[in-house]
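What follows is a short report on a single structure.
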Amino acid sequence: MTKSAGSFMHGKGLAAGTLGLLVASSIGAALGVMFAPKAGKETRGELSEKARRLAWRFKRNRAELQESVKDIFGKLSEELEQAYLQVRGEVLAQMDALAPGGDAKMAYNDVVKTAVTAAAKGKKWTKTQIDKFISHLESEYEEPKTSTDA
């Protein structure tokens, strides 16, 4: 499989994952209605309100994503959104795979640089865009939580 075919399939995987989450949520809501101890009208009202809040959060998160992509690349496209999400996912996966200990922020910054540089290969991203992408992701770093933080 070519690299571009793999990237395309990964993008489809993101869409399938989102669809799967929505389907699972719908099934959960239906089961909740079936086994709810409250009256049907009351339960439907609560479910309707939860659906409105979920839709609002999705729109807000999508708007934030699009704003970040536009700040980094100066334009917005589905391809750039997918690249952004793919790199963030790669960074999170690599951070989860790292052994605890050491300088977590330095490790995070190294993972970010590696992931962005790898994603930029074969794309027409400028050095400025790559640097902005790295800087943006580095600014999102959060200290790992320890058991005493809970």
Seminar exercise, completed: Residue hits (region 25-55; of a type in the set (A, V, I, L, M, F, W, C) and either open to solvent by 70 Å² or more (accessible area, probe 1.4 Å) or at pLDDT below 75 (or both)) are 27, 29, 30, 31, 33, 34, 35, 36, 39, 54
For this session: Report yes if some residue within region 68-84 is open to solvent by 80 Å² or more (accessible area, probe 1.4 Å), in a helix (DSSP H, G or I) and modelled with pLDDT under 90; otherwise report no.
Result: no
Exercise. Residue 58 passes all but one of (1) within 30 Å of residue 123 (Cβ to Cβ); (2) open to solvent by 90 Å² or more (accessible area, probe 1.4 Å); (3) at pLDDT 80 or above; which number fails?
Worked result: (3)
Exercise. Is there a residue being acidic (Asp, Glu), at pLDDT below 90 and assigned to a loop (DSSP other than H, G, I, E, B) anywhere in region 118-140?
Worked result: yes
Exercise. Give me the pairs: first residue in region 87-111 and of a type in the set (Val, Ile, Thr), second residue open to solvent by 50 Å² or more (accessible area, probe 1.4 Å), beta-carbon distance under 7 Å, and six or more apart or on different chains, which are they?
Worked result: 111/94
Exercise. Is it fair to say residue 89 is in a loop (DSSP other than H, G, I, E, B) and either modelled with pLDDT of 95 or more or open to solvent by less than 70 Å² (accessible area, probe 1.4 Å) (or both)?
Worked result: no
Exercise. Name the pairs: first residue in region 118-137 and closer than 15 Å to residue 81 by Cα, second residue open to solvent by less than 40 Å² (accessible area, probe 1.4 Å) and part of a loop (DSSP other than H, G, I, E, B), Cβ to Cβ under 8 Å, at least 6 apart or on different chains?
Worked result: 133/125
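The values are calculated or read from the model by the stated rules, or taken from the named source; none is laboratory data. Fair warning: this is a prediction, and the values are worked out from it, not measured in the lab. Using ideal geometry, Cβ is built from the backbone for each residue, glycine included, and neighbour counts are taken over all protein chains shown. Just so you know, the surface numbers come from the protein's heavy atoms only, side chains and all, with ligands and any DNA or RNA stripped out. Shrake-Rupley method; radii C 1.70, N 1.55, O 1.52, S 1.80 Å.
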